[in-house]
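The values are calculated or read from the model by the stated rules, or taken from the named source; none is laboratory data. Being a predicted model, the structure only gives us computed values, none of them experimental. Cβ placement follows ideal geometry from the backbone for every residue including glycine, while neighbour counts extend to all protein chains displayed. Note: accessible area is taken over every heavy atom of the protein model, side chains too, but ligands, DNA and RNA are not part of it. Shrake-Rupley method; radii C 1.70, N 1.55, O 1.52, S 1.80 Å.
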2 protein chains.
Amino acid sequence: MQIRRAQPADERAIAEIIVPTIRDGTTYSLDSEMTEADALLYWLSPDKETFVAEDDGIILGTYYMRPNQAGGGRYVCNCGYMTRAGATGRGVARAMCLHSLTHARSGGYRAMQFNFVVATNDRAVRLWQALGFQIVGRLEGAFQHPIEGFVDALVMYQKL
Amino acid sequence: MQIRRAQPADERAIAEIIVPTIRDGTTYSLDSEMTEADALLYWLSPDKETFVAEDDGIILGTYYMRPNQAGGGRYVCNCGYMTRAGATGRGVARAMCLHSLTHARSGGYRAMQFNFVVATNDRAVRLWQALGFQIVGRLEGAFQHPIEGFVDALVMYQKL
């Protein structure tokens, strides 16, 4: 699996990954009805560096990195990762997160923060913990899950 | 003291409050060198509701409210408050926060979250705690304070 910066030609593949994840509405605090164009504008916005994970010419996942705050908070980065439906369980998210940690260190970031990990997303929580993140905050009832109702969201953090 | 929605005619007074606070760089994770125009665009952006606290025709403080996340996270609001230099210690921030809590409840928000309270900002931390907020997360070394170096930032949260 190769992880590289997203190119304009990747937009179709990125949309095929991020739009179903956004529509699903169970893991990201994004408007589940946002248009595909808005989803791409969000994922590829100028404040973000966006990458894709490619295997045999097929894009299996994508992630972004951005400063989580400006000013004195700009040394902490934030990332979002999405894996293509049907490509889960193959280590795509793990590979992207490991890539992002290396990229963040080389870019001078001092920490990585996930602002809003939905607490019911067990697989993600366990993976981030295995990769060195700690749960440093819990936001009680902060996320309206489309099936489970209001559930907690977690703040996860790792010094680099 | 009257707290009301900001009007276009308030821009000058708002700039006089927010620009020095941003330049100071000790309490907000915003670029301390941002232009006044950018500061106003930020404080009055369309995703925010912006208010001013006025006493005897003089604007002593301003705050904004916005959804802290989109989608399933949109029931938690985020606010930022700034008081005019020289008007501190007169209960302006307290009055604005109390106003915001009432406004948030009436707007259907279920919680209020401060994402990044600089831990050295004792007065703010104590005030928010007195008004019902809890420290629900600590981001170790997340803020580069211009004098004190890297200090922690706090996530504070209150269900409404």
Scaled radius of gyration (Cα, divided by 2.2 N^0.38 Å) that the protein assembly as shown gives:
1.03
Over all residues in B:17-28, what is the mean tally of Cβ atoms on other chains that come within 10 Å of each residue's Cβ?
1
In a solvent-free Debye calculation with one equal scatterer on each Cα, what is log10 I(q)/I(0) for the range A:96-144 at q = 0.13 Å⁻¹, listed in the order of the q values?
-0.35
How high is the relative contact order of the range A:1-138? Use alpha-carbon pairs under 8 Å, at least six apart in sequence, and give a whole percent.
21
All-pairs alpha carbon distance profile, the range A:29-107, 5 Å steps from 0, percent:
3, 14, 22, 23, 20, 12, 5, 1, 0
Which of these, A:LEU131, A:LEU44, A:LEU101, has the largest mean-square fluctuation under a Gaussian network model of chain A (Cα springs below 10 Å)?
A:LEU131
Considering every residue in B:139-147, what mean count of other chain Cβ atoms within 10 Å of its Cβ is obtained?
6
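Can you give the Kirkwood hydrodynamic radius for chain B, in Å, rounded to one decimal and based on Cα pairs?
Details: mean 1/r = 0.0624 Å⁻¹.
Kirkwood hydrodynamic radius for chain B: 16.0 Å.
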Which residue is it, in chain A, whose C-beta lies closest to the A-to-B rotation axis, and what is that distance in whole Å?
A:GLY137, 1
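Excluding ligands, DNA and RNA, what is the accessible area buried between chains A and B, summed over both sides, using a 1.4 Å probe, to the nearest 100 Å²? Kindly include the intermediate steps, with their values, before the conclusion.
Working: alone 8330 and 8320 Å², together 14410 Å².
Buried: approximately 2200 Å² between B and A.
Can you bin the range B:73-159 into rounded, prolate or oblate? Criterion: square roots of the alpha carbon gyration tensor eigenvalues sorted a ≥ b ≥ c, rounded for a/c under 1.5, prolate for a/b above b/c, oblate for the rest. Can you show the working numbers first?
Values: a/c = 2.28, a/b = 1.27, b/c = 1.80.
Note, shape of the range B:73-159 comes out oblate.
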Using Cα centres only, tell me the gap between the range B:1-79 and the range A:1-42 in whole Å.
31
